[in-house]
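The values are calculated or read from the model by the stated rules, or taken from the named source; none is laboratory data. If you're wondering where the values come from, they're calculated on a predicted model, not measured in any experiment. A quick note on method: Cβ atoms are made from the backbone with ideal geometry, for glycine too, and the neighbour counts reach across all protein chains shown.
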Amino acid sequence: MIEFWKYSAQGNTFVVIPTGKTIQSAHLDWVEKICAPESGIFADGVALVHVPTARLSIYNADGGRAEISGNGARCAAAWWFKEQDSLATHIDWRTDAGRVCCTRKGRSSIEVRLPAPAFESSKIPARTRNRELWNHKLKWGKRTMTIFALSMGNPQCVVWGRSIPKDWFEVGEMLSDHRLFPQQCNVVFVCPSADELEVRLWERGVGETASSGTGAAAAVVTAARLGKSPRKTRVHMPGGTLSVNWTQGGEIVLSGSVELIAQGELALKVKGV
């Protein structure tokens, strides 16, 4: 039996599993079983916490490993503050994308500080001869769309518009698997909403998600870089709202609530945990 805690960050759900073993695998088959609604407990991903070193490994619902997750880090932090160190006010995670610090801001609010975004094509990564894949015109059938690619520790492809396209599902699936992105990408659809931003999300290895921390960050960075939004604003997603601040120092601060959905024991046979 393996203990688990399922948390929700604006509808973005993660199963948190503590372990004493170092996890290095790029793919874990059992993660897909856990996240599936038919065979598991239905979640967007799994956050494996290596307790001795505060190492955080994030896996998407399809079992593939993600470099980083803003909401995953916040869900894991909620577990840490509840189960591991109730007196702590912050936890400094070690992730595949570097160090990510989470801070407890209230009874249910947790803030995460993400590394500065990268725009160089080689760091996203993106297959192009251009230094950046920015304001790039991409043909799809009879349609031409403009995309903005960047890395938030994981590859992001942003589509900016005056409204969310009606077929964003199909577009998101196409862009996520496009040959431009050798490691696939998360796709973020952004439009202005008063003085704030409205977002829809298609994540690699997951599909549609109710919210995403790195996706919300990518939305604000793109909008601010285009002069469409201030560097500090609120991002509205189907699952809820995140406050996002792209600081002058370059790092990005996200804050929002995290909710415990369920906890229990997994009867699945899990290797390596």
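Looking only at residues in the range 100-116 that are basic (Lys, Arg) and modelled with pLDDT of 95 or more, which one is nearest to the chain's Cα centre (by Cα)?
Arg113
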>> Quick test for you: out of Leu150, Leu138, pick the one residue that is over 20 Å from the mean Cα position of the chain (by Cα) and either of a type in the set (A, V, I, L, M) or outside the structural domain of Glu198 (by TED's automatic domain parsing) (or both).
In response: Leu138
> Exactly one of (1) among the charged types (D, E, K, R); (2) under 20 Å from Ala217 (Cα atoms); (3) touching a residue at least 24 places away in the same chain (Cβ under 8 Å); (4) surrounded by fewer than 24 Cβ atoms within 10 Å (Cβ to Cβ) is unmet by Arg55. Its number?
Replying inline: (2)
> So which pairs qualify, if the first residue must be in the range 239-257 and in a loop (DSSP other than H, G, I, E, B), the second must be surrounded by fewer than 17 Cβ atoms within 10 Å (Cβ to Cβ), the Cβ gap must be under 9 Å, and the two must be at least 6 apart or on different chains?
Replying inline: Gly239/Gly11; Thr247/Ala116; Thr247/Arg231; Thr247/Lys232; Gln248/Arg231; Gly249/Ala116; Gly250/Ala116; Glu251/Ala116
> Within the range 78-90, is there a residue that is at pLDDT 95 or above and closer than 15 Å to Thr53 by Cα?
Replying inline: yes
>> As an exercise: evaluate Tyr7 against (1) closer than 21 Å to Arg113 by Cα; (2) out of contact with any strand residue (DSSP E or B) (no Cβ under 9 Å at 6 or more places or on another chain) and give the number of the one condition it does not meet.
In response: (2)
> Residues in the range 214-238 that are in contact (Cβ under 8 Å) with a residue 24 or more places away in the chain, within 17 Å of Trp134 (Cβ to Cβ) and not in a helix (DSSP H, G or I): how many?
Replying inline: 3
> In the range 99-145, which residues are of a type in the set (Ser, Thr, Tyr) and more than 30 Å from Ile58 (Cα to Cα)?
Replying inline: Thr144
> Just a yes or no: is a residue in the range 70-84 on the phi < 0 side of the Ramachandran plot, assigned to a loop (DSSP other than H, G, I, E, B), surrounded by fewer than 24 Cβ atoms within 10 Å (Cβ to Cβ) and over 15 Å from the mean Cα position of the chain (by Cα)?
Replying inline: no
> In this structure, does Ser163 turn out to be in contact (Cβ under 8 Å) with a residue 12 or more places away in the chain, more than 22 Å from Ile58 (Cα to Cα) and surrounded by fewer than 14 Cβ atoms within 10 Å (Cβ to Cβ)?
Replying inline: yes
> So how many residues does the range 6-36 have that are farther than 16 Å from His50 by Cβ and within 15 Å of the chain's Cα centre (by Cα)?
Replying inline: 7
>> Being part of a loop (DSSP other than H, G, I, E, B) and surrounded by fewer than 17 Cβ atoms within 10 Å (Cβ to Cβ) narrows it down to one residue among Arg107, Arg94, Arg99; which is it?
In response: Arg107
>> Restricting to the range 121-144, count the residues that are under 12 Å from Pro155 (Cβ atoms) and assigned to a strand (DSSP E or B).
In response: 0
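Look at Val158 and say whether it is touching a Ser or Thr at 6+ places or on another chain (Cβ under 6 Å) and among the hydrophobic types (A, V, I, L, M, F, W, C).
Against the criterion (touching a Ser or Thr at 6+ places or on another chain (Cβ under 6 Å) and among the hydrophobic types (A, V, I, L, M, F, W, C)), Val158 qualifies.
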> Out of the range 166-196, which residues are charged (D, E, K, R), farther than 26 Å from Gly72 by Cα and free of Cβ contacts under 8 Å to residues at least 40 places away in the same chain?
Replying inline: Lys166, Asp167, Asp195
>> Considering only residues that are part of a loop (DSSP other than H, G, I, E, B), closer than 23 Å to Arg94 by Cα and not small (Gly, Ala, Ser), which ones fall in the range 31-48?
In response: Asp44
> Restricting attention to the range 15-30, does a residue exist that is hydrophobic (A, V, I, L, M, F, W, C), assigned to a loop (DSSP other than H, G, I, E, B) and at positive phi?
Replying inline: no
